[in-house]
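Please treat every number below as a calculation from the coordinates, not as lab data. It should be emphasised that the depicted structure is a prediction, and the values quoted were computed from it without experimental measurement. Neighbour counts are summed over all protein chains in view; Cβ atoms, including those assigned to glycine, are modelled from backbone coordinates with ideal geometry.
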Amino acid sequence: MKREDDEQLWDLLGKAPQPEVSPFFARNVLRRIREQPSWLVRARSWLSLRKLVPISGFAVAIVGTFLFLHRSALDRKPVNGVDVIAQIDVQDYEVVADLDDLLASDENILWDDNSSL
């Protein structure tokens, strides 16, 4: 922006007091930096009993709730009292028998292949 664009603004800015920097500005800034606590002091403040007790209590409550819900899910019985995995239809007996034969033959083939090496 040129002075010719807005002379009133430039006149007003010329009358404003100029900020003056203290001769000890750098010293004061460094002193403020040194006054800040180190990371060790900040870590100790987080580990104070005043903060640690409620946080650990909350963590214990969460873990206890999880274990309670997990345990109750394991203790549930099937609806009929019979294991659901053990229920096989009559039509499936032949398929299961065929699968058992197939697995047995695969195991024999596996041993035969290893013996030829």
Residue-span extension gain [residue 63 to residue 49] - 0.36 nm each, minus C-alpha spacing: 3.0 nm
The stretch 22-76, dipole about Cα centre (Lys/Arg Cβ +1, Asp/Glu Cβ -1), debye to the nearest 20: 360
Go through 66, 41, 53 and say which Cα lies farthest out towards the positive end of the charge dipole of the stretch 22-76; charges sit on Cβ, +1 for Lys and Arg, -1 for Asp and Glu. 41
Provide the packing ranking of 7-19, 53-65, i.e. peptides ordered by the mean count of other C-beta atoms within 10 Å per residue, highest first. 53-65, 7-19
